[in-house]
Amino acid sequence: MRVLPKRRRIAPDAALLREAELRAEKVVSILRMFVALGLMVVFFLAVGEPPEEIADFLRKQWIFAVLSMFSYLLLGALTLWLARSGRFRRWMVWPVVTLDCLFMLVNAWVGLENVSMPGALTFLLPPTWLVPLVLAFAVLRFNPYLQAYCVALIVGGLGYLSFVTEVTITPDIASRVQHLVAVPPNIVRLAMILLAGVVLVVAAAALRGLLHRALIETEKRLLLTRYLPARLAERMQTEDLDDLRQGKRQDMAVMFIDIRGFTSWAEGRDPAEVGAFVTEYRIRVQRAARQTHGMVDKFIGDGAMLLFDGAEAPKRALRCAMQLSAEMQEWSMLRHAEGRPDVHVGIGLHWGEVFSGVVGDEDRLEYTALGDTVNTASRLEQMTKTNDMEIIVSAAVLEATNLPMSEREEWVTLDPEPLRGRSQPLALFGRPRGASAQV
């Protein structure tokens, strides 16, 4: 089977947010270009030729405004190229946001210097009306820290410009201020508000789309948790479903556990009593599997199939078997004190290669482990009946766990058993019912 190269996994929430951030950067880049072009069009159509008495100082300001808008257009084109080519990195958003803020602040500062106005009149300048636009751009990044940085930069910059000079309004300044509140500058201000509104509409649509995708991902995870073993559903938070569908061959410890005499005990009993008994039994099995990092692959009536993979899987599986033995002994003592029958189980455990993978679609998924190892573990569980043992494990399990001789002596060596489908008998070890089950 072809081995796929390993790649770095990230949680779906982080992956979804990262994808949304990259998409937002593309959108912001396009909007930045749209804003620059829109301001240029409005500037040339609305402002027109300035009055002769203020033409000299305004001409310099207009030249700077056109150059800054053109530079802003280039910034949008550059960030769009970086985002689409995959070269945009998360840290780049900080200098880009800084440039967004500086675009507005530098334009306001140049306006004050060129018109020779005191800083107290900063908010009469059209560039300050870019504030909602810059803040809207930051909203699209889905980063509260970035938003706070943007707010701090804008408030700090405008605060500095507003209070850096004393308020002294001469007749010349009053004449220039009158032009700043005339119809053409107000048209530019309205255009900026309109553009900010467009950006906020886009931001709202992006946030709604992100929420919608998050709800879909949550629903998928609920389906995974419902249909797949809990531990496997947790793994799928960091692994692709397509990878799990491909399946793979790997070494696993496979365990089967079954209640002895359950069918005859349940016959004729109240369904509520049977249901409560099975529920308590399954809770104990699931708890033991969880504490030993195993997977309950499936419950089959009063039986269950458990899987163990990864580091020290045989050792964890054997510990789980011992813990289940102790759990059942404790449960039996509680039931015996209440005058109810004891609980006896049979456990079969084998270690070897299996084929494992996920089959089905998102509406109904099932995890499958197939192969001789699974069949052997099932047969070992059945053999506990005829050998009067509570647990039977293969020699492969004990060898893989590297049990000390003192602990291995606690296991009874059984006669090698010829199993169907095997050419050679399998070396087996058993543990009688009632033996010490210290975990």
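Taking a probe of 1.4 Å, how large is the accessible area per residue of segment 291-402, in Å²? Write down the numbers at each step before the final one.
On the way: 4500 Å² over 112 residues.
Each residue of segment 291-402 exposes 40 Å² on average to a 1.4 Å probe.
Which ³J(HN,Hα) values, rounded to whole Hz and listed in residue order, are derived for segment 259-276 from phi using the Karplus coefficients 6.51, -1.76 and 1.60 in 6.51 cos²θ - 1.76 cosθ + 1.60 with θ = phi - 60°, glycine and proline given as x?
Along segment 259-276, the couplings run 7, 7, x, 5, 4, 5, 5, 6, 5, x, 7, 5, x, 5, 5, 5, x, 5 Hz.
Could you list the residues of segment 374-408 with an amide nitrogen less than 15 Å from a label point located 7 Å from the Cα of ARG269 in the Cα-to-C-beta direction?
Output list for this probe position: empty.
With a 1.4 Å probe and all protein chains in place, put ARG23, ARG290 in order of accessible area, largest first.
ARG290, ARG23
The values are calculated or read from the model by the stated rules, or taken from the named source; none is laboratory data. The shown structure was predicted, so the numbers you read here are calculated from the model rather than taken from an experiment. Cβ coordinates were reconstructed from backbone atoms using ideal geometry, including for glycine residues, and neighbour counts include every protein chain displayed. Keep in mind that these areas ignore ligands, DNA and RNA; they rest on the heavy atoms of the full protein, side chains included. Shrake-Rupley method; radii C 1.70, N 1.55, O 1.52, S 1.80 Å.
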